[in-house]
Structure formats: C-alpha cells, structure tokens
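Data first, discussion second: the structure below is written as structure tokens.
The values are calculated or read from the model by the stated rules, or taken from the named source; none is laboratory data. Please read these numbers as outputs of a predicted model, since none were measured by experiment. Cβ sites come from the backbone with ideal geometry, for glycine too, and all protein chains shown count toward neighbours. We work out accessible area using only protein heavy atoms, side chains counted, and drop any ligands, DNA or RNA first. Shrake-Rupley method; radii C 1.70, N 1.55, O 1.52, S 1.80 Å.
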Amino acid sequence: MTHRTRRPRRFLAAALAAVSLGALGLAAAPAAAQEWRGWNIHAADYPNGQGMDAFTRMVAERTNNRIRMRTFHSAQLGQQDEAIQQMRLGTIDFANFNLSPFNNLAPSTNVVTLPFLFRNVAHMQAAIDGPAGEAIARDLENIGIIALSWYDAGARSLYTVRPVRTPADVRGMKIRVQTSDLWIDLMRAMGANPTPLPFGEVFTSLQSGVIDGAENNWPSYESTRHFEVARYYTTTEHSNVPEVLAVSRQRWQRLNEADRAILRDAARESAVLQRRAWAERERVSRDRVVAAGVTVIEITDRAPWAALMEPVYAKYAADARLAALVRQIREMP
Ligand code: GTR
C-alpha cells in the first residue's frame, strides 16, 4: 500500500525537477554566445592543431563570431578516453580523435585500423572519403559524435629500446597500445606483450622500463620525444588508421542547417590543409629523429609480418557488414 502511494509522488518530484532544470537551461546564456571547447591531444603546431585552428577561424568568420570555438591543445582537457566520454556527455564540443580509441564503441572503426589493409595513403584516403567514412560516421553518430571530416595519421610502425628486425625479435616485448581490443590482439599476433596505456604516459613508461616500446607514426614519435628513449624505429607500417574531426551530437542538434553546412565545409577545408601539413611533417619528423641518432630499421618485405595477422582479420572482419566493407576497400582501384 505505502509502496503504491509513494511511487507516483516520486515520479512527480522527478518530473518537477526535470521541468525546473529545463527552465534553468532556458534562463542561461543563449547557446550562440557560448564558447565551444575543443580537445586536441597534440601540441598546437602539430598538423592536426593547425587544421583545428583553421577550422575554428573559418567558422568564426563565416558565422560573424556567432559560433566561437577554442581548442585546448596538448591534452589540456584530459587523456583520449576521457575526452571521448566528455564529448558524448557534451562537455567537450569538438575534437580531433584517432579512430582506434573508438574500436570498442563503433564497430566499423575496426576496419580502418586493420593491419596491412591499405596499399598506400591514396588508398586509405579514398576509403575514408568514401564507403569507410560513411559507415564510420553512422556508427559514431550512434554514440553521440558527429564526424565532419577525416585527417591523415600516416603509417604506424614499431619503436623500441632494443632493435627489432624480424617478428621473432618482438617476442615477449612489452609494447604499448591504445585502449582497443583490436590493438591488443594485433600486438599479441605479432608475438608481443600488449600494454594499453594513455598516450601521455608512454614517455615515462619507456623511461622506467614498464614498456619496451610502442608504435606510432613519425610525427608522434618525434613530437612526444619518445625517440629519446626508444632509439630503434622499425618501419613495419602495420596500420594506417586515420583520424576524425568531430562535433558532439548535443551541439549539433541545436544547430540550424545553414550553420551545419558552414561547419561541414570548414571541416573539409581544414582536412585539405591538415593533409598537406601532415605529408610535410612526416618528412621533417623523420629527418629530425635521424639527425638525433635514431636507428631506422627498414622493413622491405612486410609479408612475414602480414602473415601473422590472420587471427585479427578472423576476429574483427568476420561480421558480415564489416567483411563486406573490407572487401569493398580491397577492391578499390
Ligand atoms: C597519434 C594520434 C593520437 C593518439 C596517439 C596514440 O598518432 O594522432 O590521436 O591516438 O597516436 O597512440 O595514443
């Protein structure tokens, strides 16, 4: 009896609270006057930071400052996994993310992470600007993130404290990976002992011997100064996973069509700029680390490495939708 009478009252209280919260929201400053908060894991001068700054500048100009955005560079708003959560909650409004941290949340991001899938940069760009990008944008929208454009992230290779020339050399090494099941399995398939860690902890973990190596593209290896501790870079080029420039769905839902078009165009233009800056920075970063005495171990035959990746494909490209996407990507000219 008591149970029955209490329930509606509790419901009423919750409903009233919701109404007054709504009223508070309406009474607060109008959305247009607020400054959007953007997350970037890298320093401002990294190609991605340049792309994001160009994006926010274009949006400000084209909306006469109605939409003002500020990018917090160098992971000032937290590490990657937290930033993704914040974006889903709407406390971070826009960001540039690598797609691998979404592997466990948005299934199609696994496809573009798959090892040795893309033949070259042009192939990756055609896939992400085409069918892969469409599938990923849908999956990201389902988790509260609106993809606007795709940034390059080059090829990821191994770097270690001891030389790695063959897969046998990797056996038992503790290699840092991003927090993604696919990455854990990929590194296991290489014979390593995968260690998921936030990007910001890699340097000290290398220094203290918690890990023996990590894997990344030339610009990340160089800009983080990981090369000062892990002195061997082996060009396995095992993954070409690209990145997204995205806005939180909460913000997006409050925009009209005209503003959405402004954001989309600016994001696409910023990607053109980022990709150009990226190609240049890859060369610069490589030159810098070589000048600093890093040993580059060139892998010319990737077949023995790729052969180890069968279990990764069996697990992450088995689902019919993802298998079809992999096939479509492979068949691209
Ligand atoms: C970089 C990428 C970052 C982050 C980082 C990592 O190449 O741009 O977003 O994913 O790798 O390995 O954590």
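Observations
- Hits in segment 179-200 (condition: within 14 Å of Ser100 (Cβ to Cβ) and open to solvent by 10 Å² or more (accessible area, probe 1.4 Å)): Thr179, Asp181, Ile184, Asp185, Pro194, Pro196, Leu197, Pro198, Phe199
- Among residues of segment 275-291 that are more than 23 Å from Ala122 (Cβ to Cβ), those with a Cβ under 6 angstrom from a residue that is assigned to a helix (DSSP H, G or I), sequence gap 6+ or separate chain, pair up as Arg288/Glu222; Val289/Glu222; Val289/Phe227.
- In segment 94-112 there is no residue matching the filter, namely being within 16 Å of the ligand (Cβ to nearest atom) and more than 14 Å from the chain's Cα centre (by Cα).
- Residue pairs meeting the criteria (Cβ under 7 Å; at least 6 apart or on separate chains; first free of Cβ contacts under 8 Å to residues at least 40 places away in the same chain, in segment 319-333; second part of a loop (DSSP other than H, G, I, E, B) and surrounded by 10 or more Cβ atoms within 10 Å (Cβ to Cβ)): Ala323/Ala317
- Of the helices (runs of 4 or more DSSP H) lying entirely inside segment 150-231, the ones with 3 or more residues being under 23 Å from Ala307 (Cβ atoms) and either more than 18 Å from the chain's Cα centre (by Cα) or of a type outside the set (D, E, K, R) (or both) are found at 167-170, 181-189.
- Scanning segment 81-95 for residues that are over 8 Å from Ser248 (Cβ atoms) and in contact with a strand residue (DSSP E or B) (Cβ under 7 Å, 6 or more places away or on another chain) yields Ala83, Ile84, Ala95.
Conditions (1) open to solvent by less than 50 Å² (accessible area, probe 1.4 Å); (2) touching a residue at least 60 places away in the same chain (Cβ under 8 Å), marked per residue:
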{"residue": "Ala75", "(1), (2)": "yes, yes"}
{"residue": "Gly78", "(1), (2)": "yes, no"}
{"residue": "Arg88", "(1), (2)": "no, yes"}
{"residue": "Leu105", "(1), (2)": "no, no"}
{"residue": "Ala122", "(1), (2)": "no, no"}
{"residue": "Thr160", "(1), (2)": "yes, yes"}
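- Residue among Arg66, Arg57, Arg88, Arg37 that alone is assigned to a strand (DSSP E or B) and either of a type in the set (Val, Ile, Thr) or at pLDDT 95 or above (or both): Arg37
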